[in-house]
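Here the structure comes first, spelled out in structure tokens, and everything after it is commentary.
The values are calculated or read from the model by the stated rules, or taken from the named source; none is laboratory data. From a predicted model like this one, the values you see are computed outputs, not experimental measurements. Don't worry about glycine lacking a Cβ; one is built from the backbone with ideal geometry, like all the others, and counts go over all protein chains shown. Note: accessible area is taken over every heavy atom of the protein model, side chains too, but ligands, DNA and RNA are not part of it. Shrake-Rupley method; radii C 1.70, N 1.55, O 1.52, S 1.80 Å.
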Amino acid sequence: MFTSWRVVAWNGRPAEMSESRKVWLWSAALALGCSLVVVVLFSASEYQWHWDSIWQRRELIARGWVATALISLAALVLSIVFALLLMAGQRSRVLPMCLFARGVVEIVRGTPLLVQLLVGYYIVANQLHLNARAPVGIVILALFEGAYLAEIFRGALESIGASQLEAARAVGFDRRQTWRFVILPQAMRRALPGTAGQLVSLVKDSSLLSVIAVDELTHVVQAANAAAYTGLEGFVPLMLLYLALTLPLSWWARRLEARFKYET
Amino acid sequence: MHITVTQLTKQYGAHLALDGASFNTPDDAGCVVLLGPSGSGKSTLLRVLGSLLTPDAGEVLMGEERLLWNEADMLRQRRENGFVFQGFNLFPHLSALENVALPLRVVRSRSDETARRTALDAMERFGLGPHVEKRPAELSGGQQQRVALARAIAPQPRLLLLDEPTSALDPMMTQDVLDLIRELAEGVQRIVLSTHEIAFARKVADWVLFLDRGKVIESCGAAEFFARPITLLAQHFVEALTRYR
């Protein structure tokens, strides 16, 4: 501190605040300002807040949060499997296979997840006498995210140019070695940022499983609100609890993106 | 090792890249240079000679060995060669050292230590000592092409094939790379090279093939070619390329 003050005094300019400190200070100021606006808005609406009735149900809500995390994890693993199958299908030389995979991707990406959940659970799963809500929900969610992931994977794979493949052949790699040492490491790096971003979407989209009454975070908060005869109190922690899952993921996604930029 | 090529044909869609190219090079032609206008088929011929491309028709003899065009034989033939391309084509996710050492390990089954040693030797020789741990994106074009050259010669290939190795480089870098190629050509390395650097070709070539529209229209000793190109096109070409040098 003392040394920097001396330097400032010597060259006669005010101390430059470091970039990261500026970011922190501004973030804190903005958060405080926004909080103030919210408080003023709500105090004007004369709504009676009953935080204790939600606090009493904290265990239920915590279980819902864990359920959301687990559902997301299961759907993530399954969505990667679906994505690989759909991508392989689209790249297949067998025409019906290629058309089928492309059709699935287009239909899944062209309809809302909400509709897919309603149709998938109340029509398809019911017809098949599958009544386990969570597993059915996970499969539908995984298929939805998998269709997007398939496109991310396909894009990453197709971004490996012909010159890289020629270089691989030129150094004498056979087909397996080309995949292992040239195509996959580069494609995976390119797919990682998009995949991490898709994972954030997956966590958020899992809230829609509440429409088929899966006991995940959104559903338990709705239930808690109803049971406590409170209208709004549950939604604030609901938002914060989702952010607790997604913010670390998007931070990680951004880091991956930055690293990828440096490498090409 | 002489190269004998008969009636080589290669078509891309409607474009005839090689249209019945035929030629012979003598045993003592250590450095064969391909000249000709852009699109005359130099790159395609180079790739067929190196077993990177399958011709539609025709025959290639490398010494006494007739090249075969099924996948397994092409892989085996390819592994005897070293390639350097116009666009460097290094693997961007690997360090410069790994670019050279990885093929030694997985294609030539060298031990980790031997591969590393061999790669470092080749890179030192090309003045890349301080750059071995860098990624290709951190290197200049000239440095990248020297890494590519190290990668190509480290396994001691029977034939080194270079496809316009300096056409993506500025004049300073071009000089560096050409010096190295010249050093290789003056050693024992057998080279087939396509280039527009006519002054350089004149220095290193033992034998010249002049191509036009997929055919080899001149095939002769370098001294003879540069003294008296036979065809009008070759005369114009040599003159045009030397006008500002």
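Test B:A137 against the stated conditions and say whether it is open to solvent by 20 Å² or more (accessible area, probe 1.4 Å), within 18 Å of B:L169 (Cβ to Cβ) and either outside any strand (DSSP E or B) or more than 13 Å from every other protein chain (Cβ to nearest Cβ) (or both). Can you show your working first?
Working: open to solvent by 20 Å² or more (accessible area, probe 1.4 Å): yes; within 18 Å of B:L169 (Cβ to Cβ): yes; either outside any strand (DSSP E or B) or more than 13 Å from every other protein chain (Cβ to nearest Cβ) (or both): yes.
The answer is yes for B:A137.
Kindly indicate which of A:W51, A:W24 is without any contact (Cβ under 8 Å) to a residue 40 or more places away in the chain, open to solvent by 90 Å² or more (accessible area, probe 1.4 Å) and within 27 Å of A:V203 (Cβ to Cβ).
Working: A:W51 fails: without any contact (Cβ under 8 Å) to a residue 40 or more places away in the chain.
One residue alone meets the criteria, A:W24.
For every residue, the table says whether it meets (1) over 17 Å from the mean Cα position of the chain (by Cα); (2) at positive phi; (3) open to solvent by 10 Å² or more (accessible area, probe 1.4 Å).
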position	(1), (2), (3)
B:L161	no, no, no
B:A168	no, no, yes
B:T174	no, no, no
B:A185	no, no, yes
B:R190	no, no, yes
B:T195	no, no, no
B:K215	yes, no, yes
B:E218	yes, no, no
B:F226	yes, no, yes
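Quick one: in region B:188-214, of everything that is closer than 19 Å to B:T166 by Cβ, of a type in the set (G, A, S) and outside any helix (DSSP H, G or I), which residue is modelled with the lowest pLDDT?
Going through the qualifying residues, I end up with B:A205.
Condition check ((1) open to solvent by 30 Å² or more (accessible area, probe 1.4 Å); (2) of a type in the set (G, A, S); (3) at pLDDT 90 or above) across all residues:
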{"position": "B:L75", "(1), (2), (3)": "yes, no, yes"}
{"position": "B:N81", "(1), (2), (3)": "no, no, yes"}
{"position": "B:G87", "(1), (2), (3)": "yes, yes, no"}
{"position": "B:D112", "(1), (2), (3)": "yes, no, yes"}
{"position": "B:A119", "(1), (2), (3)": "no, yes, yes"}
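Applying the selection to region B:41-60, what residues are farther than 19 Å from A:A167 by Cβ and either within 11 Å of chain A (Cβ to nearest Cβ) or open to solvent by 50 Å² or more (accessible area, probe 1.4 Å) (or both)?
Those that are farther than 19 Å from A:A167 by Cβ and either within 11 Å of chain A (Cβ to nearest Cβ) or open to solvent by 50 Å² or more (accessible area, probe 1.4 Å) (or both): B:D56, B:E59.
In this structure, does B:G13 turn out to be open to solvent by 20 Å² or more (accessible area, probe 1.4 Å) and either over 22 Å from B:L75 (Cα atoms) or at pLDDT 90 or above (or both)? Outline the logic, then answer.
Values: open to solvent by 20 Å² or more (accessible area, probe 1.4 Å): yes; either over 22 Å from B:L75 (Cα atoms) or at pLDDT 90 or above (or both): yes.
Yes; evaluated as a whole, the condition is true for this residue.
Matching residues to (1) within 22 Å of A:G172 (Cα to Cα); (2) touching a residue at least 60 places away in the same chain (Cβ under 8 Å):
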| site | (1), (2) |
| --- | --- |
| B:P26 | no, yes |
| B:S43 | yes, yes |
| B:V48 | yes, no |
| B:R76 | yes, no |
| B:V84 | yes, yes |
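Only residues that are open to solvent by 10 Å² or more (accessible area, probe 1.4 Å) and either touching a Lys or Arg at 6+ places or on another chain (Cβ under 9 Å) or more than 12 Å from chain B (Cβ to nearest Cβ) (or both): list them for region A:171-190, please.
The answer is A:V171, A:T178, A:W179, A:R189.
Kindly evaluate B:R151 against the criterion of being open to solvent by 10 Å² or more (accessible area, probe 1.4 Å), out of contact with any Lys or Arg (no Cβ under 8 Å at 6 or more places or on another chain), over 26 Å from B:T4 (Cα atoms) and not in a loop (DSSP other than H, G, I, E, B). Walk me through it before giving the result.
Numbers: open to solvent by 10 Å² or more (accessible area, probe 1.4 Å): yes; out of contact with any Lys or Arg (no Cβ under 8 Å at 6 or more places or on another chain): yes; over 26 Å from B:T4 (Cα atoms): yes; not in a loop (DSSP other than H, G, I, E, B): yes.
The answer is yes for B:R151.
Residues of region A:144-164 being open to solvent by less than 40 Å² (accessible area, probe 1.4 Å) and either among the β-branched types (V, I, T) or within 14 Å of chain B (Cβ to nearest Cβ) (or both), which ones?
If the condition is that a residue be open to solvent by less than 40 Å² (accessible area, probe 1.4 Å) and either among the β-branched types (V, I, T) or within 14 Å of chain B (Cβ to nearest Cβ) (or both), then A:A156, A:I160, A:G161, A:Q164 are the ones that fit.
Just for region A:118-131: of the residues that are without any contact (Cβ under 8 Å) to a residue 12 or more places away in the chain and aliphatic (A, V, I, L, M), which one is least open to solvent (accessible area, probe 1.4 Å)? Spell out the reasoning first.
The initial filter retains those residues of region A:118-131 that are without any contact (Cβ under 8 Å) to a residue 12 or more places away in the chain, namely A:119, A:123-131.
Filter again for aliphatic (A, V, I, L, M), leaving A:119, A:123-125, A:128, A:130.
On the way: A:V119: 65, A:I123: 99, A:V124: 75, A:A125: 4, A:L128: 112, A:L130: 88 Å².
Result: A:A125.
Take the residues of region A:14-57 that are among the charged types (D, E, K, R) and assigned to a helix (DSSP H, G or I): which is nearest to A:G234 (Cα to Cα)? Please lay out each step first, then the result.
Within region A:14-57, the subset among the charged types (D, E, K, R) is A:16, A:19, A:21-22, A:46, A:52, A:57.
Now narrow it down to the ones that are assigned to a helix (DSSP H, G or I): A:19, A:21-22, A:52.
Working: A:E19: 37, A:R21: 34, A:K22: 34, A:D52: 11 Å.
For region A:14-57, the residue satisfying everything is A:D52.
Kindly indicate whether A:L209 is in contact with a His (Cβ under 8 Å, 6 or more places away or on another chain) and more than 11 Å from chain B (Cβ to nearest Cβ). Full working, then the answer.
On the way: in contact with a His (Cβ under 8 Å, 6 or more places away or on another chain): yes; more than 11 Å from chain B (Cβ to nearest Cβ): yes.
Answer is yes for this residue.
Considering A:A226, A:A134, A:A167, which residue is over 24 Å from the mean Cα position of the chain (by Cα) and open to solvent by 20 Å² or more (accessible area, probe 1.4 Å)?
Exactly one residue qualifies, and that residue is A:A226.
Return the residues of region B:73-114 that are over 23 Å from B:E183 (Cα atoms), more than 21 Å from the chain's Cα centre (by Cα) and more than 9 Å from chain A (Cβ to nearest Cβ); say none if nothing qualifies.
Selection gives B:S95, B:E98, B:R105, B:S109, B:R110, B:S111, B:D112, B:E113, B:T114.
Report every pair of residues separated by at least 6 positions or lying on different chains whose Cβ atoms are under 7 Å apart, first residue within region B:1-18 and more than 14 Å from B:K42 (Cβ to Cβ), second open to solvent by 40 Å² or more (accessible area, probe 1.4 Å) and hydroxyl-bearing (S, T, Y).
Between residues of region B:1-18 that are more than 14 Å from B:K42 (Cβ to Cβ) and residues that are open to solvent by 40 Å² or more (accessible area, probe 1.4 Å) and hydroxyl-bearing (S, T, Y), the close pairs are B:T6/B:S22; B:Q7/B:S22.
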